Every structure is written in structure tokens, then in C-alpha cells.
Amino acid sequence: MDRREALKLSLLAGAGLVAGAASTLPAHATPAAPCPGDGTPVQFLPKTAADPQAHENDIAKYPKCPYCGMDRKQYHHSRMLIQYSDDIADGTCSIHCAAISLSLNIDREPKAIWVGDNASPAEVKPLVDVDKASFLVGSSLKGVMTKRSKVAYGTAAAATASRLANGGELANFDQALLAAYTDMSQDVSMIRKNRAERRKRMMEQQGKT
């Protein structure tokens, strides 16, 4: 994977994410109290310590996705880990949230990026470098944080076999990341709707108790 290409994609998407986030704020919203680093790229810095071996025992080190709060052990098959050049890592639940991390950290160079290897039969999928992974985009397999799934395999043979069984298109990481950015608007709308429905059901259940 060309790290510069990933940065280009994140730069383009970052502008759209910031603009989209601003448009969702209600007119009467009260600004939050300022924090150190607000208004600079520092505000998006992952809140973890530098770790040269971030990919080792990554779920224990980064149990929750910082962008959606999802359990990375539960979504071990779709999880990703981005290690920036300062050895600070961002552990996400999916390529959807990894795309957000790359967009927000536009002034920081990705040193390495890993993804769950669905070619492995292990109960918890091991990580594989995205340079060595093959992605299956748009198959019948259920996506995580996205309607159009993007599933990674550690070997091209495993990805091809999955494509024969589940459909979709084979892709490298750059292509899968571009698909994640392309789907971002629709996926965010889907996630927002799903969470609103879940909150409504919880309130209804609480009202019955």
C-alpha cells in the first residue's frame, strides 16, 4: 500500500467529514468548554501511549473503538489497527472507523496498518498487514458499520474462494479504503437511524418496567 495515497484519500474525506459534522449541530447548541489542543490537529491525537509493538495483544490494549465505542473483541474479524509514525496507535472496529482516524489525523504519517485476517480459522482473528491482505468488497457477508461489506483476507486464495461463495469484488487496501470513504455518507445515515431506533426500543422497554 502507498501510504501517501492513503493520506490523500483521508485529506479529501476529512474536509467532508468536518463539514458534515458542523452541519449536524443544532442552531441553539452551546459550545463545549475549550480543551487544550482545540482548534489544532492535537485534539484528534489518539489518547494512548506510544507502543512500538502495538499490534501485539492489540485487543487488550485497545478494547474499544474510540469513534463508535464498539467492542473490538466482538468485532475481531473486522477490527483494524493504525500505528502512526510516533508509535501511537488507533485501534478501531472496522475500516469505516479506520477511515475516520486517517481523516482526522491528517498531519500524521501512518507507519503500519493492520486488519483482522478472515482467512484464519482462529476464534479471534489475528492481524495481518494491509499490504499483504486482499479485500472482498460488496459481498453478501454482513458489513460492520457499513451496508457494503469490506472483508479482509490474509491470502488472495482465501479472498477468491470467499468471492465465489459470497459474490463481491476483490480489492487491495487502497481500493477498499476508497470504498469506505465513498460509502461514508450513506453509512453514517444508516448508523444514526439504527442507533435512534435502538434508543427508542430501550425507552419503550423501560416504560413497560
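Numbers below:
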read-out: Subset of segment 107-160 [under 25 Å from Ser189 (Cβ atoms), β-branched (Val, Ile, Thr) and part of a loop (DSSP other than H, G, I, E, B)]; value: Val144, Thr146
read-out: Candidates Tyr84, Tyr67 - the one that is aromatic (Phe, Trp, Tyr) and under 23 Å from Gly143 (Cβ atoms); value: Tyr67
read-out: Given (1) in contact with a Leu (Cβ under 7 Å, 6 or more places away or on another chain); (2) exposed (fewer than 12 other Cβ atoms within 10 Å of the Cβ); (3) of a type in the set (D, E, K, R), index of the condition Arg163 fails; value: (2)
read-out: Residue match in segment 91-103 (condition: touching a helix residue (DSSP H, G or I) at 6+ places or on another chain (Cβ under 8 Å) and part of a loop (DSSP other than H, G, I, E, B)); value: no
read-out: Residue within segment 176-183 that is within 22 Å of Thr92 (Cβ to Cβ), part of a helix (DSSP H, G or I) and β-branched (Val, Ile, Thr) present; value: yes
read-out: Those residues of segment 155-182 which are closer than 25 Å to Ser103 by Cα and free of Cβ contacts under 8 Å to residues at least 40 places away in the same chain, in sequence order; value: Glu169, Leu170, Ala171, Thr182
read-out: Extreme residue, farthest from Pro66 (Cα to Cα), among residues of segment 139-160 that are in contact with a Leu (Cβ under 9 Å, 6 or more places away or on another chain) and polar (S, T, N, Q); value: Thr160
read-out: Qualifying residue in segment 46-65 (condition: under 19 Å from Ser149 (Cβ atoms) and modelled with pLDDT of 95 or more); value: yes
read-out: Selection count where residues are over 17 Å from Glu123 (Cα atoms) and among the hydroxyl-bearing types (Ser, Thr, Tyr), scope segment 54-81; value: 2
read-out: Residue in segment 118-136 that is modelled with pLDDT of 95 or more and more than 19 Å from His76 (Cβ to Cβ) present; value: yes
read-out: Enumeration of residues in segment 47-85 that are in contact with an Asp or Glu (Cβ under 7 Å, 6 or more places away or on another chain) and assigned to a strand (DSSP E or B); value: Lys64, Leu81, Ile82, Tyr84
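The values are calculated or read from the model by the stated rules, or taken from the named source; none is laboratory data. These numbers come from a predicted model, not from an experiment. Every residue, glycine among them, receives a Cβ derived from its backbone with ideal geometry; neighbour counts consider all protein chains shown.
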